[in-house]
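Undergrad: The structure under discussion is supplied below as structure tokens; questions concerning it will follow.
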Amino acid sequence: MAKQIALFNHKGGVGKTTMTFNLGWMLAEKGKRVIIVDCDPQCNLTGMVLGFKDAEDFASMYGSDAVTNIRDGLAPAFESRPALIEAVDCAPIDGPPHMHLLPGHIGLAEYEVTLGVAQQLSGSLVTLQNLPGALHYLFSKTADKYNADFVLVDMSPSLGPINQNLLTTSDYFIVPMFPDYFSAMATESLASILPKWAAWAKQSKASPILQEAIYPFPDKRPKFLGTIIQNFRIREGVAAKAFKGWINEIKIGVQEKLIPVLRENNMLLPDELYIKTRTIESQQTQFNFVHPDFVNDTIISQPLLQMSDFNSLIALSQKHKAPVFDLSDEQIDQQGVILANTKGSMERFRDLFAVGADQIITLTEDGRAIQF
Ligand SMILES: Nc1ncnc2c1ncn2[C@@H]1O[C@H](COP(=O)(O)OP(=O)(O)OP(=O)(O)O)[C@@H](O)[C@H]1O
Ligand SMILES: [Mg+2]
């Protein structure tokens, strides 16, 4: 059964889409079968992967008779059609074998209101009973069709009903962050919203109406894999120091505010798994000054990945629909020392993404991970 991982932060522009694409690619390079899913009506992921330039490009995909995107996939449930939801015909990615895109739809936002009503009534209305389980059913069907190991879900920056649904019906979640005041604030709001969502999901799992639906609400309790901190505007001197300060703030916020809440709500993996996977170096530094009672939480609050600015690699990556760590010399199109420098930083990002992907594989392969 595929493992579904949500990349979630209601704060915008923190690297959710970039990470979904790059991590998905690295997991696929490591031999995993991966589907990346665009659940954001902005459709950035779809636009980038398929090289779409404008609304007309999207329109040509939406006009197909086949089920080619998330909205077509959900339509049987949301438009009360007699047909069952079926797997999406995913778009192949010009990259490692077994990596696919489940494309997004600009009109997905139109289903959000209906889903919100269905979720608020939490299964008291039979006519809306098929909606809360529909997204997960669609992803499972599609994952089965492609025999996927991982489904990576790229989400919009919002706390709306679709995200509530996606997060609570995933097996795991990752929180991309940017080292600034807004991400530090976001940690607090996550700590306040996640228990509410978890409580709602628990209630939905217990609802006979939602369980008797054609697409029953799945029995999940998503587990936190970690944060990804992208300090992509880091610069020499003062600014770099300011960013370091925010990175620290975020780690402390995650440790003191988010992790206790996740622990209370059974949204953490067993401690040993984090201890096993977080880098040795970060553990040692932390052991030096942290009270032993807090050691585990300190380790869990260490980011899964911490990345610096991709610089020119991000633009090249988007242009060539390739990850920042896998651009050919022709795609980089530089010479001499400049080319050598760019390739050097590309290799460093390759190593980082490889470490991130390995952690994800280890954290999610343990049988005890799916405990409720
Ligand atoms: N490490 C990085 N270095 C340089 N630029 C980056 C880095 N990560 C992301 N970016 C750029 O920052 C912008 C925001 O990234 P991205 O679109 O992945 O964020 P997002 O969280 O998905 O945004 P949204 O909330 O709008 O969906 C993009 O233009 C992306 O190219
Ligand atoms: Mg995005």
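Every number here is computed from the coordinates shown, using simple stated rules; none is lab data. Model, not experiment: these values are computed from the prediction. Here the Cβ positions follow ideal geometry from the backbone for every residue, glycine too, while neighbour counts run over all protein chains shown.
Undergrad: Find the Cα radius of gyration of the range 3-369, compare it with 2.2 N^0.38 Å by division, and give the number to two decimals. Mind showing how you got there, number by number?
TA: Numbers: Rg = 20.5 Å, N = 367, 2.2 N^0.38 = 20.7 Å.
The value comes to 0.99.
Undergrad: By a straight-distance test (C-alpha under 13 Å), which aspartates and glutamates pair with Lys343 as possible cross-link partners, with residues fewer than eight away in the same chain excluded?
TA: Asp326, Asp329, Glu330, Asp333, Asp351
Undergrad: Grab the Cα-Cα distance for Ala199 and Gln331, subtract it from 0.36 nm times how many residues apart they are, and report the gain in nm with one decimal. Let's see the in-between values first.
TA: Details: separation 132, 0.36 × 132 = 47.52 nm, distance 4.83 nm.
Full extension from Ala199 to Gln331 adds 42.7 nm.
Undergrad: Restricting the count to DSSP beta bridges whose residues both fall in the range 3-369, what percent are antiparallel, rounded to a multiple of 5? The partial results should precede the final answer.
TA: On the way: 2 of 29 bridges.
That works out to approximately 5 percent antiparallel.
Undergrad: Still on this structure, I have one more. If each residue of separation counts as 0.36 nm, what is the full-extension length gain between Arg221 and Asn311 once their alpha-carbon separation is subtracted? Spell out each step's value before the answer.
TA: Working: separation 90, 0.36 × 90 = 32.40 nm, distance 3.71 nm.
So the chain would gain 28.7 nm between Arg221 and Asn311.
Undergrad: Classify the range 84-198 as rounded, prolate or oblate, taking a ≥ b ≥ c as the square roots of the eigenvalues of its Cα gyration tensor: rounded when a/c is under 1.5, otherwise prolate if a/b is larger than b/c and oblate if not. If you can, show how the numbers build up before the last one.
TA: On the way: a/c = 2.03, a/b = 1.11, b/c = 1.82.
The shape class here is oblate.
Undergrad: Rank these for me by crowding, Tyr172, Tyr181, Tyr62, going from fewest to most other beta carbons within 10 Å.
TA: On the way: Tyr172 23, Tyr181 10, Tyr62 16.
Ranking Tyr172, Tyr181, Tyr62 by Cβ neighbours within 10 Å, fewest first, gives Tyr181, Tyr62, Tyr172.
Undergrad: Evaluate the charge dipole of the chain about its Cα centre and quote only its size in Debye, nearest 20, assuming +1 on the Cβ of each Lys and Arg and -1 on the Cβ of each Asp and Glu. The partial results should precede the final answer.
TA: Values: 32 positive and 41 negative charges, 146 e Å.
The calculated dipole for the chain is roughly 700 debye.
Undergrad: Express in nm, to one decimal, how much length is gained between Asp54 and Ala354 on full extension, taking 0.36 nm for each residue of separation and deducting their alpha carbon distance.
TA: Working: separation 300, 0.36 × 300 = 108.00 nm, distance 3.32 nm.
Once the chain is fully extended between Asp54 and Ala354, it gains 104.7 nm.
Undergrad: Further question on the same structure: For the range 239-280, build the charge dipole from Cβ charges (+1 Lys, Arg; -1 Asp, Glu) around the Cα centre, then report which of Met267, Gly245, Thr277 sits farthest towards its positive end.
TA: So the residue furthest toward the plus end is Gly245.
Undergrad: Over the chain, what is the relative contact order in whole percent, taking alpha-carbon pairs under 8 Å and six or more residues apart?
TA: Numbers: 633 pairs, mean separation 76.4, N = 372.
Reported as a whole number, the value is 21 percent.
Undergrad: Let me ask you something else. Tell me, Arg221, Arg348 in order of fewest to most beta-carbon neighbours within 10 Å? Spell out each step's value before the answer.
TA: Details: Arg221 16, Arg348 13.
Result, fewest neighbours first: Arg348, Arg221.
Undergrad: Would you mind ranking Glu264, Glu112 so that the residue whose beta carbon has the fewest other beta carbons within 10 Å leads the list?
TA: On the way: Glu264 11, Glu112 17.
Exposure proxy ranking, most exposed first: Glu264, Glu112.
Undergrad: Which pairs in the list Lys276/Lys319; Lys30/Lys220; Lys16/Lys276; Lys141/Lys205; Lys205/Lys321; Lys3/Lys196 are over 28 Å apart, alpha-carbon to alpha-carbon? Don't skip to the answer; put the middle values down first.
TA: On the way: Lys276/Lys319 37 Å; Lys30/Lys220 26 Å; Lys16/Lys276 25 Å; Lys141/Lys205 20 Å; Lys205/Lys321 39 Å; Lys3/Lys196 23 Å.
Among Lys276/Lys319; Lys30/Lys220; Lys16/Lys276; Lys141/Lys205; Lys205/Lys321; Lys3/Lys196, the Cα-Cα distance tops 28 Å for Lys276/Lys319; Lys205/Lys321.
Undergrad: Still on this model: Picking from Gln203, Gln230, Gln42, which is most flexible by a Gaussian network model of the chain using Cα springs under 10 Å?
TA: Between Gln203, Gln230, Gln42, it is Gln203 that shows the largest mean-square fluctuation.
Undergrad: Now, a different point. Toward the positive end of the charge dipole of the chain, about the Cα centre and with charges on Cβ (Lys, Arg +1; Asp, Glu -1), which of Thr142, Thr298, Gly226 goes farthest?
TA: Sorting the options by dipole projection puts first Thr298.
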